1. Kindly evaluate residue 40 against the criterion of being at pLDDT 85 or above, open to solvent by less than 80 Å² (accessible area, probe 1.4 Å) and farther than 21 Å from residue 100 by Cβ.
2. For the range 184-199, state whether one or more residues are within 9 Å of the chain's Cα centre (by Cα), of a type outside the set (S, T, N, Q) and assigned to a helix (DSSP H, G or I).
3. Taking the range 94-104 as the search range and keeping residues that are touching a residue at least 40 places away in the same chain (Cβ under 8 Å) and not in a loop (DSSP other than H, G, I, E, B), which one is farthest from residue 79 (Cα to Cα)?
4. List the pairs whose first member sits in the range 157-176 and is acidic (Asp, Glu), whose second member is part of a helix (DSSP H, G or I), and whose Cβ atoms are under 8 Å apart, counting only residues at least 6 apart or on separate chains?
5. How about the range 105-145: which of its residues are of a type in the set (D, E, K, R) and either open to solvent by less than 40 Å² (accessible area, probe 1.4 Å) or in a helix (DSSP H, G or I) (or both)?
6. Inside the range 105-138, can you point out the residues that are in contact (Cβ under 8 Å) with a residue 60 or more places away in the chain and of a type in the set (D, E, K, R)?
7. Any residue that is at pLDDT 95 or above and farther than 27 Å from residue 70 by Cα - is there at least one of those in the range 121-135?
8. Within the range 5-33, can you find the residues that are without any contact (Cβ under 8 Å) to a residue 12 or more places away in the chain and within 26 Å of residue 95 (Cα to Cα)?
Amino acid sequence: MAGLGIGVSSMKSGERALLHVGWELGYGKEGSFSFPNVPPMADLLYEVELVGFDEANEGKARSDMTVEERIGAADKRKMEGNAYFKDEKLEEAMQQYEMAIAYMGDDFMFQLFGKYRDMALAVKNPCHLNMAACLIKLKRYEEAIGQCSIVLSEDENNVKALFRRGKARAELGQTDAAREDFQKARKSAPEDKAIARELRLLAEHDKAVYQKQKEIYKGIFGPRPEPKSKRFNWLVIFWQWLVSLVYGLKFKKVKAV
């Protein structure tokens, strides 16, 4: 769209902007009744981040690229992101993954069926999962959960997505939700040692929390009374018998007089 293009053309790499596009430079009088659905004469508000400048398509507009070309360009970005990730350059890796995902936006995926959709998801989903791995390392757990959830909306039993979302949830203290993710992942990968380890850590965490709560309650209500020893009980019985014997003798003496 003309308005979006004008706005982005004035931005610098890494810059974020809020762009207000009038209907004349958006979808016009007619609007759009396909995807996305935009009413006639609707002004548009875009929150835009210019990730970088993409030269992978050698000057060809994405709208002019074939499905195979777009998926191929996305896969190239994914591989570059993997190289950055291996070198622990997490921000640079995420930038490449974001650019790869941009080739397969919602409008593009909406049009795909059958083998082409499978081909696109085979590139798109790993990018989201790799983004999640970067975000976990950067302690941006909420964002990591979002990336994993995108994958799970397409593949609800994806083991990596469940595992990484579980990790992020555990770090946020969402132990019940994390356990649910790990247990679901274990059903698909019962021999996975990493999943077993995370479940064990959650069990240890729960045990530690229980012990801490037990100590807190003990401090509030005081220690439980110790049971009386048998020796003490026998002393009480002996004393009672002795007292009764003395009173008994005294009573007989008074009566004899």
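The values are calculated or read from the model by the stated rules, or taken from the named source; none is laboratory data. This structure is a prediction, so every number in the text was calculated from the model and none was measured. Glycine gets a Cβ as well: all are built from the backbone with ideal geometry, and neighbour counts include every protein chain shown. For accessibility, only protein heavy atoms count, side chains too; no ligands or nucleic acids. Shrake-Rupley method; radii C 1.70, N 1.55, O 1.52, S 1.80 Å.
1. The answer is yes for residue 40.
2. no
3. 102
4. Taking only residues 6 or more apart or on different chains, the pairs are 171/136; 171/141.
5. 106, 107, 115, 117, 118, 124, 137, 142, 143
6. Residues satisfying the conditions are 106, 107.
7. There is no residue in the range 121-135 that is at pLDDT 95 or above and farther than 27 Å from residue 70 by Cα.
8. 5, 9, 10
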